Amino acid sequence: MYPCEATICAAHYCPLSQGYSKDIIMFTAAEALPAATVVLLRQGSNGCEVLLLRRSAGLSFHGGAWVFPGGRIDPADYAAAASAEVTEAARHAAAREAREEAGVEVSPQRLLLFARWVTPEGLPKRFDAWFFAAPTDSHEVHVDGNEISEHCWIRPEEALAAQRVGRFVFPPPTFVTLNQLAGYRTPAEVLAMLDSRQCEAFLPRLHPIADGACTLYAGDVAYGTGDLEAPGPRHRLWITDSGWRYERTGSQIVTVESAATLT
């Protein structure tokens, strides 16, 4: 984490309760650290499955949450990529994290880049994460029992159902990604869908509400104004006491290139 000079207020996200506390606390603005995530796909008996890993409960960052394999981009990833481009280093970082966290080997060249997630400003730990997807035939998963305590192969629909009844806890990027992948029968269908569109940028803007928070993404009518009641297209995540809901209307996708105008 690289603190900036400014100190700002933010609603405090609590991953274990899957909501936002009502308290307003002070954070020192932090720079978003480059990171990479990979959504591993396999064919299950009832449809396409994704690999989810459970972070150990004692970890300070999303402890107890279920996530895709991923982590920070290291200097060695740039060396492995033989490139100064962050996306190429991210590709190698994602493959490395799959190997280190789950014991799954995947070639960096097979990874399909489909999203970029930047943690909202105002939170104490922030990442600028590149999301990849890749098929795998591996059924063997080995977690270290330290940082990662459990794993499961599961259909996105089943994972979302488990979250609704409190069995699974997800960070928002995992929850939104699972919603995007739900309903596809095969890894090939998922990859074709992701490959048919450009890499999408998610730069969330948090808005506390009475019973939780609403996270706005680019393309939402309220993204620039914060007026949650304004008529128009929706692209938002409701995180409330009664549950989580990803809402999206319209087909606009904000690409990584065009997202530069939003910051």
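The values are calculated or read from the model by the stated rules, or taken from the named source; none is laboratory data. Remember, it's a predicted structure, so these values are computed and weren't measured experimentally. Virtual Cβ from ideal backbone geometry, glycine too; neighbours counted across all protein chains shown.
Observations on the structure shown:
- Flag for residue 247 being surrounded by 15 or more Cβ atoms within 10 Å (Cβ to Cβ) and either under 27 Å from residue 42 (Cα atoms) or modelled with pLDDT of 95 or more (or both): no
- The set of residues in the range 188-211 being over 19 Å from the mean Cα position of the chain (by Cα) and in contact (Cβ under 8 Å) with a residue 12 or more places away in the chain consists of 188, 189, 208, 209, 211.
- Enumeration of residues in the range 144-169 that are surrounded by 18 or more Cβ atoms within 10 Å (Cβ to Cβ) and in contact (Cβ under 8 Å) with a residue 60 or more places away in the chain: 148, 151, 154, 155, 156, 159, 163, 168, 169
- The lone criterion from (1) of a type in the set (S, T, N, Q); (2) touching a helix residue (DSSP H, G or I) at 6+ places or on another chain (Cβ under 8 Å); (3) surrounded by fewer than 21 Cβ atoms within 10 Å (Cβ to Cβ) left unmet by residue 225 is number (2).
- Condition check for residue 109: under 18 Å from residue 246 (Cβ atoms) and either in contact with a Ser or Thr (Cβ under 7 Å, 6 or more places away or on another chain) or not aliphatic (A, V, I, L, M) (or both): no
Conditions (1) crowded, with 23+ Cβ neighbours inside 10 Å; (2) more than 19 Å from residue 135 (Cβ to Cβ); (3) at pLDDT 95 or above, marked per residue:
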{"residue": "50", "(1), (2), (3)": "yes, no, yes"}
{"residue": "54", "(1), (2), (3)": "no, yes, no"}
{"residue": "59", "(1), (2), (3)": "no, yes, no"}
{"residue": "63", "(1), (2), (3)": "no, yes, no"}
{"residue": "66", "(1), (2), (3)": "yes, yes, no"}
{"residue": "77", "(1), (2), (3)": "yes, yes, yes"}
{"residue": "87", "(1), (2), (3)": "no, yes, yes"}
{"residue": "90", "(1), (2), (3)": "yes, no, yes"}
{"residue": "94", "(1), (2), (3)": "yes, no, yes"}
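- Selection of the range 230-244 for residues being in contact with a Gly (Cβ under 8 Å, 6 or more places away or on another chain) and of a type in the set (A, V, I, L, M, F, W, C) yields 238, 239.
- Close pairs (6 angstrom Cβ cut-off, 6 or more residues apart or separate chains): farther than 19 Å from residue 180 by Cβ and modelled with pLDDT of 95 or more in the range 23-43, of a type in the set (D, E, K, R) and buried (at least 17 other Cβ atoms within 10 Å of the Cβ) anywhere: 34/128
- Test: residue in the range 77-91 that is part of a loop (DSSP other than H, G, I, E, B), hydroxyl-bearing (Ser, Thr, Tyr) and touching a strand residue (DSSP E or B) at 6+ places or on another chain (Cβ under 9 Å): no
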